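Taking it in order: structure first as structure tokens, then the write-up.
Derivation of every value follows stated rules applied to the coordinates shown; laboratory data play no part. All values reported here derive from a predicted model rather than from experimental measurement. Neighbour counts are summed over all protein chains in view; Cβ atoms, including those assigned to glycine, are modelled from backbone coordinates with ideal geometry.
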Amino acid sequence: MILAVCLNPCLDRIVFVPQLKVNTLNRGQRRLVSAGGKGVNVAKVISALDEPVRIIGFFAGSAGRFIVDDLEKRRVRTQPIWIEGQETRTTTNILDMATGKETEITEPGPEIGQEQLELFLKMYRETVRKASLVVLSGSIPESVPEDIYARLIQIAGEQGKKTILDTAGGLLANGIQGLPYMIKPNIRELNTLTRADSQSLDQIKKQCDLLHQKGIMNVCVSMGKDGALLSCKEGFFVHPAFSVDVINTIGSGDAMVAGLAVSMERGYPPFEMLRYASACAASNASFQEIGVVDRYQVRNLLGNC
Ligand SMILES: Nc1ncnc2c1ncn2[C@@H]1O[C@H](COP(=O)(O)OP(=O)(O)OP(=O)(O)O)[C@@H](O)[C@H]1O
Ligand SMILES: [Mg+2]
């Protein structure tokens, strides 16, 4: 079983408006509501790829209930730590149908008390024992300490469990102190982490080598439509983006992380791992909804029909 950690889930709401105007009433024509947050997206994709997956994190109120129910319907086992009297955040995307441009509004997550954090850590420790791999993704509520990922990675490491970390900024810089087995930054996140401005593969390879020296053995860097690379002890592998009819690339990084986790679980060699993860990422890009892949499309892209 793969364990996905999602400390800051959200309800993703996309509202389609004919033409967005500020300071006046905008009538939405259509809306799309889905369970979101990076860890939730990862768990949804792992389940769609037919691997057993559990999710652990903080959930609150009716939005939290909606996400948990949605995940259970998708065969994701949930271990929510419920935060009473509060509400899981909603992220609203206003899609201007005239221009195709998006305006995003985020909300703060719930306030997590010391007691709830302790409860989470206890539950996490117990569940990690049953997991074969732990994936940690996304942001955290403001009240959770910034070293949380390093701590969670250390706990998994003490039990001999591999970890994949996908986060950004200070959380990534802090999280790598726990020595995750793999990280999956996009190119911007890698450059921020290593205080560099790498563009070429040669430059990126040097950044990956620096991270290997620090003890991060597997670095997968995603480069949007320019594909992805995997640097590990077996070598430096590059894969182009698969060609699909692109509708929405948000969450393709999450689908890639899910593909990496599934292929790690199945023991794929490094290049196959990168290829499989790239096919999952491309499949996500061919849907409007975030955190969705079609495993038959993945299989077709890989040419194994
Ligand atoms: N236009 C595209 N066509 C096909 N595949 C794509 C496209 N854009 C991205 N991908 C695939 O998705 C992978 C991840 O994309 P990207 O680097 O944008 O991730 P990200 O920034 O982490 O995304 P997010 O955090 O929103 O999930 C890429 O490495 C590539 O394989
Ligand atoms: Mg990402």
Selection from Gly235, Met264, Val219, by position along the positive dipole direction of the stretch 200-305 (Cβ): Gly235
Rg and Dmax of the chain, Cα atoms only, in Å: 18.8, 58
Alpha-carbon gyration tensor eigenvalues x 5, square-rooted, for the stretch 35-124, Å: 25, 19, 10
Potential extension, Glu272-Thr91 segment - 0.36 nm per residue separation minus Cα distance: 61.7 nm
Lysine pairs in the stretch 1-114 with Cα atoms under 22 Å, if 8 or more residues apart or on separate chains: 4
Of all DSSP beta bridges in the stretch 1-64, antiparallel share, percent nearest 5: 65 percent
Percent of Cα pairs exceeding the 15 Å cut-off, where the set is the stretch 122-165: 40 percent
